[in-house]
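Each remark here refers to the structure printed beneath this line.
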Amino acid sequence: MGLVKFGRINLKHMWPHLILIGISAASFFPIVWMFLTSIKNPLDVYVVPPKWVFTPVIDNYARAFRETKFGENIINSFIVSLASTLISVFVGSLAAYSMARFKVGGAYGPVGLLTLRIMPPIVPIIPIFILYRTIGLYGSLQGLILLYSVFNLPTVILMMISFFVKIPREIEEAAYLDGCSEIQTFMRIILPLSMFGLTATAAFIFILCWNEFLFAVILTAEATKTAPVALFGFITHLGIPAGPVSAIGVLMIIPVVIIFLIFQTYIVRGLTAPYIEKI
């Protein structure tokens, strides 16, 4: 009697799904609000109570491209994010494999990497600024790529170690018996087996680079600004134009959504594989 049913639906077991639906709706609401703001005219943006029915406009998107070099800025962001991701994932995978298989760095190696990762970026920014001005990397995309790659290496190593330790050693020993060197074993056997982990790690690093602001705003010049810096350029002493800022925010979300839609299977399996194997 205590079990309430509606047709074939067991209402007793529905409440966890309802909670998840509520959490998802709350999480997506700011994105929906930002999109609606990006297609409102300035008068409708600040109306209280908010207008849910209005005539959409694209003036905010046109203003975002007209008043800033946002097209160039988003290309700079894509170049820096993609190059930094490829470099940090490749180098970090080599380091993670050596730590997982050959215990390079000892038992406290991962702990040392964790301390490097949790260091606030504001701490080394002044020495890095002086160094870049001295060696000529200030205001260049190459300098930003190098910096992002170095700062994301600890994250890549910590994530990839958990995938490499799950690969049986017998597979590597069989490759050695077939005449493969350690590098050949890593490139031909280990990397393909850890493709889900590589994809999940690469997606996470790409998002970190795509959204990074502090290093970009200090170390870039006018021609090398990234998308977050362009977004910051709309903030003036006169206020914050909500429409164009929301339009830029929507445009910055689109590439990340596309990447997740393309690689969602790899990302989900890569992020859940270490935990599923423990169950």
Practice prompt. Would you order Met159, Met195 from fewest to most other beta-carbon atoms within 10 Å of each residue's own beta-carbon?
Written response: Met195, Met159
Discussion item. With a cut-off of 8 Å between alpha carbons and a minimum separation of six or more residues, what is the relative contact order of the chain in percent?
Written reply: 29 percent
Worksheet item: Taking only C-alpha pairs under 8 Å that are 6+ residues apart, what is the relative contact order of the range 10-67 in percent?
Response: 28 percent
Worksheet item: Lysine pairs in the chain with alpha-carbon atoms under 19 Å apart, 8 or more places apart or on different chains: how many are there?
Response: 4
Worksheet item: Using the Cα gyration tensor of the chain, with a ≥ b ≥ c the square roots of its eigenvalues, what is the shape: rounded (a/c below 1.5), prolate (a/b larger than b/c) or oblate (neither)?
Response: oblate
Worksheet item: Using the 10 angstrom Cβ neighbour count as an exposure proxy, how do Phe65, Phe196 rank, fewest first?
Response: Phe65, Phe196
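Rounded, prolate or oblate for the range 200-265? Axes are the square roots of the Cα gyration tensor eigenvalues, ordered a ≥ b ≥ c, and the cut-off for rounded is a/c under 1.5.
Values: a/c = 3.15, a/b = 1.58, b/c = 1.99.
Oblate, because a/c is 1.5 or more while a/b does not exceed b/c.
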Response to the item:
GNM of the chain, Cα pairs under 10 angstrom: of Lys166, Lys51, Lys225, the biggest fluctuation goes to Lys51
Worksheet item: From the Cα gyration tensor of the range 1-152, with a ≥ b ≥ c the square roots of its eigenvalues, which class applies: rounded if a/c is under 1.5, or else prolate if a/b is larger than b/c, or else oblate?
Response: oblate
Fill in: Span-rule helices in the chain, defined as complete DSSP H runs reaching 20 Å or more along the axis (Cα) with Kyte mean at least 0.0
15-38, 70-102, 141-164, 195-211, 242-276
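Every read-out reported here was derived from the displayed coordinates using simple, explicitly stated rules and does not represent laboratory data. Note that this is a predicted model, so its numbers are computed, not measured. With ideal geometry, Cβ positions are generated from the backbone for all residues, glycine too; neighbour counts draw on all protein chains shown.
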